[in-house]
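Step one of this worksheet: look at the structure below.
The values are calculated or read from the model by the stated rules, or taken from the named source; none is laboratory data. Not measured: the values here are computed from a predicted model. Virtual Cβ from ideal backbone geometry, glycine too; neighbours counted across all protein chains shown. Each accessible area value is taken on the protein alone, full model and side chains, heavy atoms only, with ligands, DNA and RNA left out. Shrake-Rupley method; radii C 1.70, N 1.55, O 1.52, S 1.80 Å.
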Amino acid sequence: MDLRQIRAFAAVAKVRNFTRAAEALHLAQPAVSMAIGKLEEQLELTLFTRQGRQVALTAEGEVFLRHAERILGDCLAADTEMAELKGLMRGEVRIGIPPMMSSYYFPRVIRDFRVRYPSLQLSVLGEGAARIQRLIALGEIDMGVIAGSNLPEGLQSRRFLREEIVACVPAGHPLAAQQSVRLVEFLAEPLVLFKKGYYMRELTDELLRASQCVPQVVFETNLFSLVRSLIKEGVGVSTLLRMVVADEPQLAAVSFAPPLHLDLHIAWKSDGYLSRANRAFVDFLLERIDDRDRG
């Protein structure tokens, strides 16, 4: 018994005619008759009654039809799933990631993703949150990392990380000895800020509006590495994610009172097509949430 015989049997059972079944299978009618004959011979059962051109299932044929339909259904499901997996042998994931995240959180993600899917191409663009949203809308990237709780319309997203926002100061700064710092204390310091369009700048602007403080902005840049270096040199202070400061002996991370946190989301166009490769990346990223929760 093989699949060709089972397919021939199911086709004849469906249309009750050998000629029409052969046409549906794109086979010659004798080939279909031969396949059914061999199947009946192997099963040692008669599956059809034949009266001229009229064909009907026997009781044994009715029973076998249920098995045949299940077998063919399983084969179709297997073909579909294997085609999906084969699709992951080639494809590209185009993602926008803010510089701070691309430097600290994502290198390990990218490494592990490539281990699992070595044939997929991963293209990373480092941009600010506002620019990432525009690029997603334009279709120039497939997805991107965006921050905050007020997500723009037209995007579908899933949160994958919540990280503490800290006051980043030089290790010898007076605030470095404190367990926490109030916003008014922090905002009274010389500030090194990201340029507008970056989520840390948006956060700082919100804090300034809420506090009604007049800021002393000493430097603005879109270069994350320069922000860190300027803080080390004592030019000013800034807000950064705790993960960024954790392994820097020349910098100190001081919690705010009350603490501040940033929700990070992976986002894509809600009305756009998300390829199998892109879905694999989203699922892979969200797996890390489950792993961290179990840990």
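Around the amide H of Leu260, modelled in the peptide plane, lie the amide H atoms of Ile165, all under 5 Å away and 5 or more residues distant in sequence or on another chain. Based on protein heavy atoms only, the chain ends up with 55 Å² per residue of surface accessible to a 1.4 Å probe.
Out of the stretch 165-234, which trypsin sites (Lys or Arg not before Pro) are coil in DSSP terms and have no more than 14 other C-beta atoms within 10 Å? Answer in residue order: Arg182, Lys195, Lys196.
Here the 3J(HN,Hα) profile of the stretch 9-22, calculated from phi with Karplus coefficients 6.51, -1.76 and 1.60 at θ = phi - 60°, is 4, 5, 5, 5, 4, 6, 9, 6, 7, 5, 5, 5, 5, 4 Hz, Gly and Pro shown as x.
Multiplying the sequence separation of Arg114 and Ser229 by 0.36 nm and subtracting their Cα-Cα distance, what value in nm do you get?
On the way: separation 115, 0.36 × 115 = 41.40 nm, distance 3.12 nm.
Computed gain between Arg114 and Ser229 is 38.3 nm.
Just flag the trypsin sites (Lys or Arg not before Pro) in the stretch 1-55 sitting in loop per DSSP whose Cβ has no more than 14 other Cβ atoms within 10 Å. Mind showing how you got there, number by number?
Working: sites: Arg4, Arg7, Lys14, Arg16, Arg20, Lys38, Arg50, Arg53; in loops: Arg16, Arg53.
Hits after loop and neighbour filter: Arg16, Arg53.
Can you figure out the FRET efficiency of Met82 with Ala31, using R₀ = 25 Å and their beta-carbon distance, to the nearest 0.05?
Values: r = 27 Å, r/R0 = 1.07.
After rounding to 0.05, the efficiency reads 0.40.
Entry note, the chain: the mean residue ellipticity at 222 nm calculated from DSSP H runs of n ≥ 4, each adding -39500 (n - 2.57), is -15000 deg cm²/dmol after division by the residues and rounding to the nearest 500. Here the stretch 127-166 and the stretch 226-268 have alpha carbon centers that stand 20 Å from each other.
Entry note, the stretch 4-121: relative contact order of 20 percent, from Cα contacts under 8 Å with a spacing of 6+ residues. Here is the list for the stretch 104-211: GluC sites (Glu not before Pro) lying in DSSP coil, each with at most 10 other C-beta atoms within 10 angstrom of its C-beta, are Glu153.
In whole percent, how big is the carbon plus sulfur part of the accessible area of the chain, probe 1.4 Å, protein atoms only? Before the final figure, lay out the partial values.
On the way: 8110 of 16260 Å².
So the carbon and sulfur contribution to the accessible surface is 50 percent.
To the nearest 10 degrees, how steep is helix 59-87 against the longest Cα principal axis of the chain, on a 0 to 90 scale? Compared with the principal axis, the helix lies near 30 degrees. For the chain, dividing the convex hull volume of the Cα atoms by the residue count gives 187 Å³ per residue.
For Glu206 and Ser275, the difference between the fully extended length at 0.36 nm per residue and the C-alpha to C-alpha distance is 21.2 nm.
The distance between label points at Gln54 and Phe219 comes to 9.5 nm (points 7 Å beyond Cα on the Cα→Cβ vector).
With R₀ set to 45 Å, the beta-carbon distance separating Gln250 from Glu92 gives a calculated FRET efficiency near 0.70.
Computed extension length for Leu72-Ser103: 6.2 nm, one decimal, from 0.36 nm per residue of separation with the Cα-Cα distance subtracted. Dipole of the chain computed with +1 at Lys/Arg Cβ and -1 at Asp/Glu Cβ about the Cα centre; of Leu264, Phe106, Leu122, farthest Cα towards the positive end is Leu122. Relative to the globular-protein estimate of 2.2 N^0.38 Å, the Cα radius of gyration of the stretch 128-186 stands at 1.65.
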